[in-house]
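Below is one structure, written out as C-alpha cells, with a few remarks after it.
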Amino acid sequence: MELNENVEENIRFESRIDLSELRNTMDAVRGELQKVIVGQDKLIDYLLVALLANGHVLLEGVPGIAKTLAVKLLAKAVDTSFSRIQFTPDLMPSDILGTSVFDMKTSDFQFRKGPVFANLILVDEVNRAPAKTQAAMFEVMEERQITLDGDTYRMEAPFIVIATQNPIEQEGTYRLPEAQLDRFLFKIVVDYPNLAEEFEIIRREHETKGFNKIENISNVMSGDQVVKFQLLVREVIVESHLMAYIANIVQQTRQTPLLYLGASPRASLAILNAAKGMAALNGRDFVTPEDIKDVVVPVLRHRVIVSPEKEMEGLKAEQIIAEIVAGIEVPR
C-alpha cells in the first residue's frame, strides 16, 4: 500500500509545471520597472499578470502618475515590437489599421500596415477618438486580426493592448461603451503616491539629473518567452470548487439590487485566466482563493454598472464587488 502511495505521489510531482524560468524572468522584469517606478507595486503586478494571461489592460488615472511611463518601461524590458498610438478626435480607423496604397511600379495596390501591427501597443487617451475609430481598435483587440479589401491580416503573438484614459477631463472625449470595455481583461485605477513615495520620486529625479529614464532599462524577456509563458499559464491547475467560487461571485453581481448591470460569462473566464496568471506570477502551478480575490476587482469594476440611485449615494463598483466577495464563503 505504501509503495502505491509513493508511486502516486511521484506521478503527481512529475506532472507539476516547472514555473522557475517564468518566475525568475518576471521577477527580472519587475526589477527593471522598479528602477524607475516608485510604489505602484500592484500596477506592475497586474501588468505582468495581463501579459501572462494574454489580456488587454485599461489604465485609468489623472495625468502625471506614470501610466504611460510604466507601459514604455514594460515595452523596453520585453524585447518585442512596440508602438504608441495617440488617440485624437480626428483619428481615423485607417490611421491605426493601415491602408492600401497604389504602387506605380507594380500598377497594383499594396497594403501598408498601421501602428496596430506590433506586439505591445500603447493607446494613449483611448476615450479621445470617435466611436468609429474606437470600434476598429476594439475589433482587432478581440479578433486579433483585421480584414481589409478582402484580405485577412493576423496579429503576431504576443499581442497586448494597454490603453490609458483620464477620468477627470470630459470635454472632447467619447465614453467607451460597456461592450467595448468588456474587451479589457483589467481596468487598473492608478492612484496618487503617498508622501514617502512622492519624496522618493523627487529624490530619484534629482539624482538622475533628468536623464532619460528608459535608457537604463534592460531587455530581460523575449517575445518568444512571453508566448511560452502564456501557454504554461493555461496549464495552471484550478480545482472545481474554485471554479464554483468564481461562478458564484459572477452570479451574485447579476442578482444584487445594487448593480444595474451584472457581469457576463466573459467576466468569469477573465477571472479564471487572471487568477491563473497571478498564481504563476507567485510561482505556483495551482490557483488559490487569494489569487481570485486579488484579481476580481480589476476584472469586474468595468464590467458592472452601479444602479442609478446607489451611484447618486456615492457607492462605487469596487465597494459593491468587495461586499459581494466578502459575503461568499471562501472554499478551502
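The values are calculated or read from the model by the stated rules, or taken from the named source; none is laboratory data. Since the model is a prediction, treat every value here as computed from it, not as a measurement. Here Cβ is always computed from backbone atoms with ideal geometry, including for glycine, and neighbour counts include all displayed protein chains. Note: accessible area is taken over every heavy atom of the protein model, side chains too, but ligands, DNA and RNA are not part of it. Shrake-Rupley method; radii C 1.70, N 1.55, O 1.52, S 1.80 Å.
Conditions (1) of a type outside the set (Lys, Arg); (2) open to solvent by 60 Å² or more (accessible area, probe 1.4 Å); (3) assigned to a helix (DSSP H, G or I), marked per residue:
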residue: 225; (1), (2), (3): yes, no, yes
residue: 228; (1), (2), (3): no, yes, yes
residue: 245; (1), (2), (3): yes, no, yes
residue: 252; (1), (2), (3): yes, yes, yes
residue: 260; (1), (2), (3): yes, yes, no
residue: 263; (1), (2), (3): yes, no, no
residue: 273; (1), (2), (3): yes, yes, yes
residue: 278; (1), (2), (3): yes, no, yes
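Considered as a group, the residues in region 147-164 that are in contact with a Phe, Trp or Tyr (Cβ under 8 Å, 6 or more places away or on another chain) and either open to solvent by less than 10 Å² (accessible area, probe 1.4 Å) or of a type in the set (Phe, Trp, Tyr) (or both) include one that is farthest from residue 229 (Cα to Cα), and that residue is 153.
The rows are residues; the columns are (1) farther than 20 Å from residue 231 by Cβ; (2) touching a helix residue (DSSP H, G or I) at 6+ places or on another chain (Cβ under 9 Å); (3) among the polar types (S, T, N, Q); (4) without any contact (Cβ under 8 Å) to a residue 60 or more places away in the chain.
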| residue | (1), (2), (3), (4) |
| --- | --- |
| 277 | no, yes, no, no |
| 286 | no, yes, no, yes |
| 292 | yes, yes, no, yes |
| 298 | yes, yes, no, no |
| 301 | yes, yes, no, no |
| 305 | yes, yes, no, no |
| 310 | yes, yes, no, yes |
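Summed over region 179-199, the residues that are of a type outside the set (Gly, Ala, Ser), open to solvent by 40 Å² or more (accessible area, probe 1.4 Å), under 30 Å from residue 143 (Cα atoms) and not in a loop (DSSP other than H, G, I, E, B) give a count of 1. Which residues, taken from region 90-109, are closer than 9 Å to residue 133 by Cβ and either part of a strand (DSSP E or B) or in contact (Cβ under 8 Å) with a residue 40 or more places away in the chain (or both)? Residues satisfying the conditions are 91, 92, 93, 96. Residues that are small (Gly, Ala, Ser) and open to solvent by 10 Å² or more (accessible area, probe 1.4 Å) within region 280-317 comprise 283, 314, 317, listed in sequence order. Of all the listed residues (112, 84, 128), the sole one being open to solvent by 10 Å² or more (accessible area, probe 1.4 Å), closer than 30 Å to residue 39 by Cα, out of contact with any Phe, Trp or Tyr (no Cβ under 9 Å at 6 or more places or on another chain) and not aromatic (Phe, Trp, Tyr) is 84. Contact annotation: residue pairs with Cβ atoms under 6 Å, 6 or more positions apart or on different chains, pairing a residue in region 228-250 that is farther than 25 Å from residue 321 by Cβ with a partner that is aromatic (Phe, Trp, Tyr), are 237/286. No other residue among 31, 39 is over 29 Å from residue 135 (Cβ atoms) and touching a Pro at 6+ places or on another chain (Cβ under 6 Å) apart from 39.
Residue-wise test of (1) at positive phi; (2) under 13 Å from the mean Cα position of the chain (by Cα); (3) open to solvent by less than 40 Å² (accessible area, probe 1.4 Å).
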position: 20; (1), (2), (3): no, no, no
position: 37; (1), (2), (3): no, no, yes
position: 43; (1), (2), (3): no, yes, yes
position: 50; (1), (2), (3): no, yes, yes
position: 57; (1), (2), (3): no, yes, yes
position: 60; (1), (2), (3): no, yes, yes
position: 69; (1), (2), (3): no, no, no
position: 74; (1), (2), (3): no, yes, yes
